[in-house]
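What follows is a short report on a single structure.
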Amino acid sequence: MRFSKTIFLAAVLVSAAGCMHEDDDDDDRNAMPAANEESIRDFIRSANGNSYKFPWINADHDTKVATNERLKQWDVTTQGLIPVKHNNVQIAIDAMNAIEDKLGTTLFDRTSIQSTPDDQIQKGIVVSYGTAVGASGGPEANACGHVGALGGSTGWPRNFYGETGHMDSVLQVNLDSSSPDGCTGGLSLDVTIHEFMHALGMGDHFDGFGFGPAIHANAWNVLHNILNNSPGTAMDSLFVEKKFQ
Ligand SMILES: [Zn+2]
């Protein structure tokens, strides 16, 4: 039992925290058709609804009970734009532009915490350049980005969301590696967008989000529908539409 549990944990770390992406432009899944609405709901259920999987599992028992099978997100509609300390990292700014353009909505407050010391930030996303690590916790050739707590860990902050499903903590988006052993193929805009998608409430990878391409219509459809519903909405009650083909 002990052995199998170790294997399980290792698999979780590789799939979620490692966030490794091959250069897979030739992958068959790049050409796969966009999933239908039923599959989009299943992707959301797996990547967001299940509070007992990484990263959602890192919350108190009562929070997981209250939010399991329910939507978790930042709730821009009632809580305001998501503060981002982008530290003038251009590819992060490009990724935010791409996400807002694609979804046709404004999500990010790019100014309010720009000069706030990290340890005084109450809520939002902090961009850190050069600090991406892989599942080993150190630089890896295919590790070009990961999301975690302030300071660069691959673990997410404890209780980064609450019982109502609102994400209201501080996440760090780590991009590229300053080590010669890390991210040896270079950081792409697609992977940068992918990392922001994690920080916007997409936990696990699925076909079209880390499995196959870093981002695909499936990833955009999941993000669109996560943002287009209210925190706490039951998975079965989500309004799901296939916006991107
Ligand atoms: Zn990933």
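The values are calculated or read from the model by the stated rules, or taken from the named source; none is laboratory data. Worth saying up front: this structure is predicted, and the values here are computed from it rather than measured. Cβ sites come from the backbone with ideal geometry, for glycine too, and all protein chains shown count toward neighbours. Side chains included, ligands, DNA and RNA excluded: accessible areas come from the protein's heavy atoms. Shrake-Rupley method; radii C 1.70, N 1.55, O 1.52, S 1.80 Å.
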Exercise for the section: Kindly indicate whether VAL65 is of a type in the set (A, V, I, L, M), open to solvent by 70 Å² or more (accessible area, probe 1.4 Å) and modelled with pLDDT of 95 or more. Expected result: yes
Exercise for the section: Among the residues of segment 228-245, count how many are outside any loop (DSSP other than H, G, I, E, B) and either acidic (Asp, Glu) or buried (at least 20 other Cβ atoms within 10 Å of the Cβ) (or both). Expected result: 1
Problem - Given (1) assigned to a loop (DSSP other than H, G, I, E, B); (2) under 17 Å from TRP74 (Cα atoms); (3) within 16 Å of the ligand (Cβ to nearest atom), index of the condition LEU171 fails - result: (1)
Handout entry: Which listed residue, of ASP118, ASP181, is of a type in the set (Asp, Glu) and touching a strand residue (DSSP E or B) at 6+ places or on another chain (Cβ under 9 Å)
Key = ASP118
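Going through ASP94, ASP60, ASP101, ASP75 one at a time, which residue ends up being in contact (Cβ under 8 Å) with a residue 40 or more places away in the chain, open to solvent by 50 Å² or more (accessible area, probe 1.4 Å) and under 30 Å from PHE244 (Cα atoms)?
On the way: ASP60 fails: under 30 Å from PHE244 (Cα atoms); ASP101 fails: in contact (Cβ under 8 Å) with a residue 40 or more places away in the chain; ASP75 fails: open to solvent by 50 Å² or more (accessible area, probe 1.4 Å).
Answer to the selection: ASP94.
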Handout entry: Yes/no for THR164 being more than 11 Å from the ligand (Cβ to nearest atom), under 30 Å from HIS61 (Cβ atoms), out of contact with any Asp or Glu (no Cβ under 9 Å at 6 or more places or on another chain) and of a type outside the set (Asp, Glu)
Key = no
Exercise for the section: Kindly indicate whether SER179 is among the hydroxyl-bearing types (Ser, Thr, Tyr), more than 21 Å from THR106 (Cα to Cα), at pLDDT 95 or above and not in a loop (DSSP other than H, G, I, E, B). Expected result: no
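Could you say whether any residue in segment 215-222 is outside any helix (DSSP H, G or I) and more than 13 Å from the chain's Cα centre (by Cα)? Don't jump to the end; show me each part of the working.
From segment 215-222, those outside any helix (DSSP H, G or I) are 215-216; that's our starting set.
So of that shortlist, the ones also more than 13 Å from the chain's Cα centre (by Cα) come out as 216.
Yes, segment 215-222 has at least one match.
Looking only at residues in segment 115-148 that are surrounded by fewer than 19 Cβ atoms within 10 Å (Cβ to Cβ) and of a type in the set (A, V, I, L, M, F, W, C), which one is nearest to the ligand (Cβ to nearest atom)? Don't jump to the end; show me each part of the working.
Our first condition is that a residue be surrounded by fewer than 19 Cβ atoms within 10 Å (Cβ to Cβ); within segment 115-148, this holds for 115-123, 130, 136-138, 141-142.
Restricting the remaining residues to those that are of a type in the set (A, V, I, L, M, F, W, C) gives 121, 141.
Working: ILE121: 23, ALA141: 16 Å.
Taking the candidates together, the pick is ALA141.
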